[in-house]
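What follows is a short report on a single structure.
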Amino acid sequence: MKDAIRSTAKALGPAGVLAVLWLVAPALLGFVLVANLSAASNWLETLGPAAPYVFALIFAVTSGLGILPTYAQAVVAGWVFGGTVGIFAALGGFVGGAIIGWAVARLVSSHRVEDAINRNSKARVIREALVGRGFWPTLGIVTLIRIPPNSPFALTNLAFAACGVGLFTHSIGAAVGMSPRTAIIVLLSAAAAASGAKDLQTFVVDGPGTWVLIGGVVTLIVVFGIITFIAERAISKATGTSRTAPTQK
């Protein structure tokens, strides 16, 4: 097992290092951003009419470089800009981030990941299911993979770019697939801000009550769970790889 991991890491090279960074950094820094929501909100409000555009640019760069997760920035969008403007600002941010992430991933991964995939028959089958069926099937699968909230943004950028998904397909799939879950987060955050709370901590402590808050969280989990289940079933049906992919190397 250790030899296999060492061999895989050596084969991936810089792409493997990037994957680890893009897995760890957003998970940690997302909590930092949410904890400092009030400070971020105050700063954005000083920018006046330019605030949504500056926010979208920051969103794009930080998510594209794998620094901040999209969910935390969607919370900021809803909190600061409300539902409608917040959704459009977040949309511009994560589509821009998808483009930047794809470009960085292509630059770093080069042909290392592609060579590693070619050496594994099961990985080749999965890649062919993703990019070997033409534009519309590929766009459909990319979109479906983007829908579940447990799909890590930066790592998915890396995976798509390394597997040969084109920039246009990648960007459209991100825009369509991520819009529903992003809109849900933005709208919930906007509703929390409308309560008059100065930050999320205040909303939790002085908000509508513990049981109402717990009910809202449970409802959100159930909704995301249903979305994830439907998307994964659709992906399995579209690719047909879950039971038919060969396992020999």
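Note on VAL32 and TRP136: the model spin-label points, each 7 Å out from Cα along the C-beta direction, lie 4.6 nm apart. Full extension of the segment from GLU128 to THR84, taken as 0.36 nm per residue of separation minus the current Cα-Cα distance, would add 12.0 nm.
For the listed peptides 32-44, 56-68, a ranking on the average number of other beta carbons within 10 Å per residue, highest first, reads 56-68, 32-44. Once you reduce region 15-83 and region 147-171 to the center of their Cα atoms, the two points are 19 Å from each other. Shape call for region 18-72 from the C-alpha gyration tensor, a ≥ b ≥ c root eigenvalues: rounded (a/c under 1.5), prolate (a/b greater than b/c) or oblate? Oblate, because a/c is 1.5 or more while a/b does not exceed b/c.
We did not get these values from a lab; they are worked out from the coordinates using the rules stated. What you see is a predicted model; the values in this text were computed from it and never measured. A quick note on method: Cβ atoms are made from the backbone with ideal geometry, for glycine too, and the neighbour counts reach across all protein chains shown.
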